[in-house]
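Notes follow once the structure below has been shown.
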Amino acid sequence: GVDFMTLSDHNTISGLAQARSLGTRELLVMGGIELSTYFGHAVALGARTWLDWRRLDGSVMTMPELAQSVLDAGCPFIIAHVMHPGDPYCCGCRWEYYDMMPGNATHVEVWNGPWTLHNQESLLLFYHWLDEGRRIVATSGTDLHGPPPPNVRGAVNVVYAEDLTEEAIIAALKAGRSYISAGPVLLLDARTDGGQEGMIGDTLPPEAVTLRIRWSGAHPGDYLRLVVNGRAYHDKLVAESGEVEWPLAAGQARWCTAELRDGDDGLWAVTNPIYFAA
């Protein structure tokens, strides 16, 4: 049921030609590569040329240098599975480039594969970076290395793009106009007392504001959580679908997101932020 997908193999683009040949008018197949090093993995979304973090003289490019080369090519640089267990469980799977936390990275994968504790830790790190004043976009990735296992809660990226093209999808992701979901619809927008309106990815003036969350596809026992400046302000049990508004005072929020969780605190969906700044 997806509209687009990307193939990002480890340190190779050799599968892209075949993958892209399987695309249709209804399914856009995008480019990409997963830069897999001993101290962390990153996705260059939309890349169609081979990017290597090693040099011919045997030295290794610094990660900020490699990230800049990805950005110069017009591709988002996504830190993959940032809090995933590393050695000895998975070589390089945990992000250990401490000069890039997040440095010049533009995106971070907060939901990788099935929902797990390390994804929750990644989400909290994302919130911490936002609270430091960083502008970074949250994404998800299936990390499939074969057929998907049954009955696993994985997530996709829902993107507000102007067209079903690689350029439009990447432009929307760069702007933070996306949310992550394992099925439910979760929409967040805002209206200031001065009449200015915005959606995820937008920046509004720090006036008194009314936030609106709309959702559908929720399950019995699910609840909404409004996160403001990293703090959970409201938890609200919800029906299968609905709409709720929450007012915030002027200057109360620098950023906010919305979450939909189940009764065991597992995540169903999370939005990217709306920002508030002069």
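Quick look at the numbers
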read-out	value
Hits in segment 229-253 (condition: in contact with a Leu (Cβ under 9 Å, 6 or more places away or on another chain) and in contact (Cβ under 8 Å) with a residue 40 or more places away in the chain)	N229, G230, L248, A253
One residue from H81, H128 being in contact (Cβ under 8 Å) with a residue 40 or more places away in the chain, under 18 Å from G266 (Cβ atoms) and either outside any strand (DSSP E or B) or in contact with a Pro (Cβ under 8 Å, 6 or more places away or on another chain) (or both)	H81
Selected residue (criterion: modelled with the lowest pLDDT) from residues of segment 101-114 that are assigned to a loop (DSSP other than H, G, I, E, B) and buried (at least 20 other Cβ atoms within 10 Å of the Cβ)	G113
Qualifying positions in segment 24-45 - touching a Ser or Thr at 6+ places or on another chain (Cβ under 8 Å), modelled with pLDDT of 95 or more and open to solvent by less than 20 Å² (accessible area, probe 1.4 Å)	V29, M30, G32, I33, E34, V43, A44, L45
Failed criterion for L260 (all others in (1) in contact with a Leu (Cβ under 6 Å, 6 or more places away or on another chain); (2) at pLDDT below 95 hold)	(2)
Residue ID - modelled with the highest pLDDT, chosen from residues in segment 51-71 that are more than 14 Å from A105 (Cβ to Cβ) and among the acidic types (D, E)	D52
Qualifying residue in segment 31-39 (condition: of a type in the set (D, E) and either assigned to a loop (DSSP other than H, G, I, E, B) or more than 17 Å from the chain's Cα centre (by Cα) (or both))	no
Selected residue (criterion: nearest to K174 (Cα to Cα)) from residues of segment 235-278 that are among the small types (G, A, S), out of contact with any Asp or Glu (no Cβ under 9 Å at 6 or more places or on another chain) and assigned to a strand (DSSP E or B)	A258
Number of positions in segment 195-215 that are open to solvent by less than 40 Å² (accessible area, probe 1.4 Å) and on the phi < 0 side of the Ramachandran plot	11
Among the residues listed as I180, I200, I170, the single one being touching a Cys at 6+ places or on another chain (Cβ under 8 Å), touching a residue at least 40 places away in the same chain (Cβ under 8 Å) and of a type in the set (A, V, I, L, M, F, W, C)	I170
Residue that is nearest to G201 (Cα to Cα) [pool: residues in segment 161-177 that are outside any helix (DSSP H, G or I) and touching a strand residue (DSSP E or B) at 6+ places or on another chain (Cβ under 6 Å)]	G176
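The values are calculated or read from the model by the stated rules, or taken from the named source; none is laboratory data. This one's a predicted model, so the numbers in the text were calculated from it and none came from an experiment. Quick reminder, even Gly has a Cβ in these numbers, built from the backbone with ideal geometry, and neighbours come from all protein chains shown. Please note that ligands, DNA and RNA were not included when accessible areas were found on the heavy atoms of the full protein model with its side chains. Shrake-Rupley method; radii C 1.70, N 1.55, O 1.52, S 1.80 Å.
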